[in-house]
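Worksheet: one structure, shown below.
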Amino acid sequence: MIIIFQCFGGTHTSVTAASIYLGKLPRSRIPRLEELLDLPHFDRVENADIGTLNYLGRDRRGNRVFALGSGRWSAAIRELLPPLLQLYGPEVPALALIDCSSAVTWPVRLGGFLSRSLHCIDPGRPLVGWGILRNYRRLLQLAEHFEADPARYLL
Amino acid sequence: MIFVLYYSEKMIAPALLAAISHCHPDLPPERLRLRAAGWLQRELAGKKPSALLVPFAVSPGGETVCLATGAVPPPLLRRTLGGLSRLLGKGPGQPVLLTARPLPPAPARLWKAPCRETSAFWKEIEALVEQTRLQAELLGEQ
């Protein structure tokens, strides 16, 4: 199975949820800000690279996990993927898409804009990190929900 | 196997015309237009789907030509589909997806009498189809 965590920029909520899923962030507590900011893909995808699949690692079952930014077009991208998979036929691996956009809050949006669009990393990155930590349980829920019922996310 | 994908944003016509031109390189614009109108009538019956990705036909070069439309900006879609196709099409004998460069939007008078605007549009489509055909040829040799 190919697992894709999707959000606006592919670098904040999707990377956090995927890192929880991969065991790179804790589940029993809220991580420290530094733990989040130390993730190699956190707040590091440029706006020009939105749409690129970034490989984050393999899960316990050996499935490849990616983060994808789709801008405002998450739903529109989702519509085009099933017919693409049909083209390739039944032998391709299953594709799971987890949309993390619902966990994007105003601090995340503002911090992400400051850091990624204006390149004001110093106020932007800590702000987006703070916003993510405030909403960490929601992202944890998303990761755990996918883990418990991956079939719901298959395209 | 090579899939060639022509995608146009929010309107199917440019992708459809490019797909027809790829499969029938010798057709003049007027006949391309008639074929496109026939296909639209037959396959979509006047509907405007928000998103579509379908195989169209096999070209003389042996590629499966597909056409698509949706709301996603072409460069973003190209990056996503390119990345996905590299994951899905790994291994010998697996299909390769070649996404054509972004197509120009169709002029408002496309289905009416030819004018300078439509002939400029046709030139763009012809050039882009030729570029894509050459790329497909190169991919086929690899």
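The values are calculated or read from the model by the stated rules, or taken from the named source; none is laboratory data. Keep in mind the model is a prediction, meaning the values are calculated, not measured. Note that we place each Cβ from the backbone using ideal geometry, even for glycine, and neighbour counts take in every protein chain shown. Side chains are part of the model used for accessible areas, which takes the heavy atoms of the whole protein and leaves out ligands, DNA and RNA. Shrake-Rupley method; radii C 1.70, N 1.55, O 1.52, S 1.80 Å.
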Completion exercise
Out of A:R116, A:R60, A:R125, a Gaussian network model of chain A with alpha-carbon springs under 10 Å gives the largest mean-square fluctuation to A:R60
Exercise for the section: Sorted from largest down, give the three principal axis spans of the alpha carbons of the protein assembly as shown, whole angstrom values. Expected result: 66, 40, 36
Fill in the blank from the handout: Label model pair B:E137, A:C120: point-to-point distance (7 angstrom along the Cα→beta-carbon line) in nm is 5.3
Problem - Share of pairwise Cα separations in the range B:93-139, more than 13 Å, in percent - result: 61
Completion exercise
Expressed in square angstrom to the nearest 10, the accessible area of A:E144 with a 1.4 Å probe stands at 80
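I'd like the interface area for chains A and B: accessible area of each alone minus the complex, both sides summed, 1.4 Å probe, protein heavy atoms only. What is it in Å² to the nearest 100?
Values: alone 8390 and 8350 Å², together 14500 Å².
When A and B are taken together, about 2200 Å² of accessible area is lost.
Provide, as a two-decimal number, the C-alpha radius of gyration of chain A over 2.2 N^0.38 Å, N being how many residues it has. It would help to have the intermediate numbers written out before the result.
Working: Rg = 15.0 Å, N = 155, 2.2 N^0.38 = 15.0 Å.
My calculation over the Cα atoms of chain A gives 1.00.
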Practice task
Indicate, rounded to the nearest 5 percent, the antiparallel portion of the DSSP beta bridges found entirely in the protein assembly as shown.
Solution key: 35
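Could you check how much of the accessible area of the range A:4-155 is carbon and sulfur, as a whole percent, using a 1.4 Å probe?
Numbers: 3920 of 7170 Å².
The computed percentage sits at 55.
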Completion exercise
Tilt, helix B:13-23 to longest principal axis of chain B (alpha-carbon atoms), in degrees rounded to tens, equals 60
Handout entry: Burial of 50 Å² or greater, the range A:83-97 residues [accessible area, probe 1.4 Å, versus chain by itself]
Key = A:L84, A:L87, A:Y88
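Can you give the helix-only mean residue ellipticity at 222 nm for the protein assembly as shown, where every DSSP H stretch with n ≥ 4 adds -39500 (n - 2.57) and the sum goes over all residues, rounded to the nearest 500 deg cm²/dmol?
-13500 deg cm²/dmol
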Problem - DSSP-defined beta bridges in the range B:2-141 - what % are antiparallel, rounded to 5 - result: 35
Problem - GNM result for chain B, Cα springs below 10 Å: residue of B:L87, B:L128, B:L32 fluctuating most strongly - result: B:L87
Fill in the blank from the handout: Heavy-atom accessible area of the range B:2-141 with neighbours in place, 1.4 angstrom probe: carbon+sulfur share in percent works out to 56
Practice task
Loop only per DSSP, at most 14 neighbouring Cβ atoms within 10 Å: give me the trypsin sites (Lys or Arg not before Pro) in the range B:77-142, ordered by residue number.
Solution key: B:K90, B:R109, B:K112
Completion exercise
In short, the range B:29-54 residues buried by 20 Å² or more of accessible area relative to the isolated chain (1.4 Å probe) are B:S50, B:A51, B:L53
Practice task
Could you do me a favour and compute the accessible area per residue for the range B:2-141, 1.4 Å probe, result in Å²?
Solution key: 50
Practice task
Enter the per residue convex hull volume of the range B:2-141, computed from alpha-carbon coordinates, in Å³ rounded to the nearest integer.
Solution key: 104
